[in-house]
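What follows is calculated from the coordinates using simple rules that are stated; it is not laboratory data. This structure is a prediction, so every number in the text was calculated from the model and none was measured. Counting neighbours? That spans all protein chains shown, and the Cβs are built from the backbone with ideal geometry, glycine included.
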Amino acid sequence: MKNYGDQALAKDILIMVDKKYTPKAVASWAHQVHMKSDDTFTEAGRDALLTLIAMDEGPEFELNEQGLKDLAKNLLEDKKI
């Protein structure tokens, strides 16, 4: 996934929020992105991906809609997660 970095990740997270994706679907998607990435993410982007992947580990790891929006907003603003 060339040129797919934090900004694109954040925008895709917001699209998934708007489309009401399930936590399992978000985690699965994040895993695919992680596996296909060519290390174009900052540390914050990698942390965000791992957070999303962990949502598949149980309800205690799931982010709600606002949590996903905050995660995306932090990436868009280049904030440390």
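Overview of results
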| quantity | calculated |
| --- | --- |
| Some residue of the range 56-68 being in contact with a helix residue (DSSP H, G or I) (Cβ under 8 Å, 6 or more places away or on another chain) and small (G, A, S) | no |
| Residue check, E60 farther than 21 Å from Y4 by Cα and touching a residue at least 12 places away in the same chain (Cβ under 8 Å) | no |
| Selection status of M55, over 12 Å from D6 (Cβ atoms), free of Cβ contacts under 8 Å to residues at least 40 places away in the same chain and either among the small types (G, A, S) or in contact with a Leu (Cβ under 7 Å, 6 or more places away or on another chain) (or both) | yes |
